[in-house]
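I have a structure I would like to understand better, so I am pasting it below and will then ask my questions one at a time.
The values are calculated or read from the model by the stated rules, or taken from the named source; none is laboratory data. No experiment lies behind these values; they were computed from the predicted model shown. Positions of Cβ are generated from backbone atoms using ideal geometry, with glycine treated the same way; all protein chains shown enter the neighbour counts. Remember, those area values only see protein heavy atoms, side chains included, never the ligands or the DNA or RNA. Shrake-Rupley method; radii C 1.70, N 1.55, O 1.52, S 1.80 Å.
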Amino acid sequence: MRNTARSVAAIAALLTALFAVSGCATTPAPQCELSGTRDLGASIASAKSRLGDGCVAHFDRYVDQLIDVAAGDPTADNKQAFSDFLLWTSDEGLLSRRQAQETWNRYFNVKFVSLRGDYNNCAQTCPVKGRVMADMQSELADKERGLLQAALDQDSYYRADRLLKETELVLEATCRACAAGGR
Amino acid sequence: MKPKDRCRSGRDVAPALAIACIIATVPLLTGAARGPSLQLFPTTVLEDIKETGQVAEEMESGLQDTIARLDRQQQLFVQSKCEGAADDPGCAQISRQLGSTYMEMLETMSQRLPDMERAVNSTRDSLETRLRAELGLKMTPWTLQETLLGQQPEGSPSVEPKLRGRSGLRLSQRFRQYYQLVAQSGRNTEHSLAVVASDIYLDMEEASVLIAQTREEIGRATLLEELNQSFGVITPEMQAVVDGVKSILFGEAGQVVELAGPPPGSGEVAYQSPLEW
């Protein structure tokens with residue numbers, strides 16, 4: 001009799017635990033997938049909605065997807081569409097102004113976000129020249145997607161391409177000169 | 001030939017005048033015109049470039065015939081299938097001629113090299129100082145890329161150096177082009193000057209290393225000669241020296257580094273984001 005009571009109590013505890021777990025599972029997780037539309041305006045609206053719902057962690061993936069959507073219908077106006085979207089994220093407090101600037105400039109500006117800093121080149125750039133050049137190369141690939149494929153801005157993309165090569169040559173010479181000065 | 005003697009030579013008067021005109025014009029067009037902004041080519045650097053070009057020209061003219069003869073003899077050696085046929089009297093004769101011409105080349109170079117080395121090292125050192133000061137210590141990474149981009153008005157064609165990287169030209173011609181590039185650079189072309197200065201500096205570094213190698217080779221060859229050992233055949237080391245000399249002086253086998261050029265401009269006014277730096 002005592003054993004039966006124990007079994008009933010154990011089953012009751014198990015059932016309670018099961019209800020508790022299933023109760024958590026029914027709480028709706030945020031839906032973070034973007035709508036599958038190929039229209040940039042609609043995709044941006046979808047991204048804004050998702051970000052507003054708490055999917056901020058997916059921001060980088062959204063930008064990546066939006067660039068793909070823009071590349072499907074490339075036009076010079078896409079630059080402004082991305083700028084407006086990034087300004088919105090900044091105004092909404094989802095990204096800092098600096099983060100928004102970095103994202104926009106990485107994809108749509110000739111200048112390289114990877115080549116920045118407050119100290120002189122001998123002190124800051126030369127010790128990590130290889131990494132800086134690798135980062136610039138990677139950024140050029142993003143500029144290709146943004147400037148060239150999404151915004152059809154060939155002039156700016158080819159200028160960025162040339163800037164990368166000029167930077168490589170000039171840094172090679174400058175860093176040798178810096179090193180010679182330290183000998 | 002001493003500088004005074006060169007001035008007396010009628011043949012050299014015209015080029016000397018041309019160079020003097022360029023030298024007189026360049027500072028007006030470059031550093032002096034721009035004020036204190038970017039001083040990569042002060043008069044001292046230009047003087048060094050000028051002298052290096054002259055010394056290179058003298059060396060080229062002294063070596064051209066010898067190297068051409070060396071090429072012909074080597075071609076004959078290969079075509080006659082002389083490799084490994086040291087016992088053949090004809091091949092032995094070609095080998096001796098090769099060794100003799102190679103020694104002749106080294107002899108000419110040993111006479112010219114000290115001047116060349118001094119001029120090259122002086123150009124390299126003065127550019128090194130300017131690059132370190134102007135681009136290395138005065139500029140941040142961001143100001144460097146702004147300098148390289150320049151401030152060109154919308155829709156205007158970009159002003160670029162016509163010569164970049166290894167040019168495939170004779171050394172003296174290359175210096176002539178460097179002059180022209182610097183001379184043509186007016187306002188708002190500091191980005192071009194930064195590239196040209198870097199290009200010349202890296203060239204001078206390369207030339208300096210080659211000169212040091214060549215001087216070592218001359219020392220080695222002289223020692224072998226003193227030990228009465230004949231060369232017999234062009235060794236890989238000898239070939240490397242000949243190739244290096246040809247590459248630096250005559251631009252042969254020079255790798256031209258092409259930079260991507262922009263397509264024809266659309267002329268439309270580009271969108272400028274408030275996020276743009």
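Is one or more of the residues making up segment A:44-58 within 14 Å of chain B (Cβ to nearest Cβ), in a helix (DSSP H, G or I) and touching a Ser or Thr at 6+ places or on another chain (Cβ under 7 Å)?
no
Do you know which residues across segment A:128-157 are assigned to a helix (DSSP H, G or I) and small (Gly, Ala, Ser)?
A:Gly130, A:Ala134, A:Ser138, A:Ala141, A:Gly146, A:Ala150, A:Ser156 - these are the residues of segment A:128-157 that are assigned to a helix (DSSP H, G or I) and small (Gly, Ala, Ser).
Need a quick list: helices (runs of 4 or more DSSP H) entirely within segment B:1-86 having at least 1 residues that are modelled with pLDDT under 85 and closer than 30 Å to A:Ala173 by Cα.
B:13-29, B:31-34, B:43-79
Let me ask something else. Of these, B:Gly265, B:Gly251, B:Gly244, B:Gly232, which one is within 14 Å of chain A (Cβ to nearest Cβ), surrounded by 12 or more Cβ atoms within 10 Å (Cβ to Cβ) and either modelled with pLDDT under 70 or more than 30 Å from A:Tyr158 (Cα to Cα) (or both)?
The match here is B:Gly265.
Test A:Asp155 against the criterion of being under 20 Å from B:Gln272 (Cβ atoms) and either touching a Gly at 6+ places or on another chain (Cβ under 6 Å) or at pLDDT 95 or above (or both), and give yes or no.
yes
Provide a single number: the residues in segment A:81-107 that are open to solvent by 50 Å² or more (accessible area, probe 1.4 Å) and in a helix (DSSP H, G or I).
Here the count works out to 8.
Could you grab me the full set of residues in segment B:177-225 that are buried (at least 16 other Cβ atoms within 10 Å of the Cβ), at pLDDT below 70 and small (Gly, Ala, Ser)?
Selection gives B:Ala183, B:Ser185.
Now a separate question. Does segment A:96-116 hold any residues that are at the interface with chain B (Cβ under 7 Å from one of its Cβ atoms) and basic (Lys, Arg), and which are they?
Those that are at the interface with chain B (Cβ under 7 Å from one of its Cβ atoms) and basic (Lys, Arg): A:Lys111, A:Arg116.
Can you tell me which residue in segment A:152-169 is surrounded by the fewest Cβ atoms within 10 Å (Cβ to Cβ), limited to those that are within 16 Å of A:Leu115 (Cα to Cα) and more than 7 Å from chain B (Cβ to nearest Cβ)?
So the residue we want is A:Glu168.
Which of the residues spanning segment B:73-93 are buried (at least 16 other Cβ atoms within 10 Å of the Cβ) and within 26 Å of B:Gln213 (Cβ to Cβ)?
Once the filter is applied, which keeps residues that are buried (at least 16 other Cβ atoms within 10 Å of the Cβ) and within 26 Å of B:Gln213 (Cβ to Cβ), segment B:73-93 yields B:Gln73, B:Gln74, B:Phe77.
For segment A:170-180, how many residues are surrounded by fewer than 20 Cβ atoms within 10 Å (Cβ to Cβ) and either more than 7 Å from chain B (Cβ to nearest Cβ) or not acidic (Asp, Glu) (or both)?
2
If you don't mind, there's one more thing I want to ask. Out of segment A:117-126, which residues are in contact with a helix residue (DSSP H, G or I) (Cβ under 6 Å, 6 or more places away or on another chain), assigned to a helix (DSSP H, G or I) and within 7 Å of another protein chain (Cβ to nearest Cβ)?
Once the filter is applied, which keeps residues that are in contact with a helix residue (DSSP H, G or I) (Cβ under 6 Å, 6 or more places away or on another chain), assigned to a helix (DSSP H, G or I) and within 7 Å of another protein chain (Cβ to nearest Cβ), segment A:117-126 yields A:Asn121, A:Cys122.
Also, I was wondering about something else. Mind checking which pairs have a first residue in segment B:127-152 that is under 23 Å from B:Glu205 (Cα atoms) and a second that is assigned to a helix (DSSP H, G or I) and open to solvent by 50 Å² or more (accessible area, probe 1.4 Å), Cβ under 8 Å, 6 or more apart or different chains?
Pairs found: B:Glu128/A:Arg176.
While we're here: Would you be able to tell me the number of residues in segment A:85-106 that are within 16 Å of the chain's Cα centre (by Cα) and of a type in the set (Asp, Glu)?
Residues that pass the stated criteria total 1.
Another question about this same structure. Which residues, taken from segment A:118-138, are exposed (fewer than 15 other Cβ atoms within 10 Å of the Cβ) and of a type outside the set (A, V, I, L, M, F, W, C)?
Listed by number, the residues that qualify are A:Asp118, A:Tyr119, A:Pro127, A:Gly130, A:Arg131, A:Gln137, A:Ser138.
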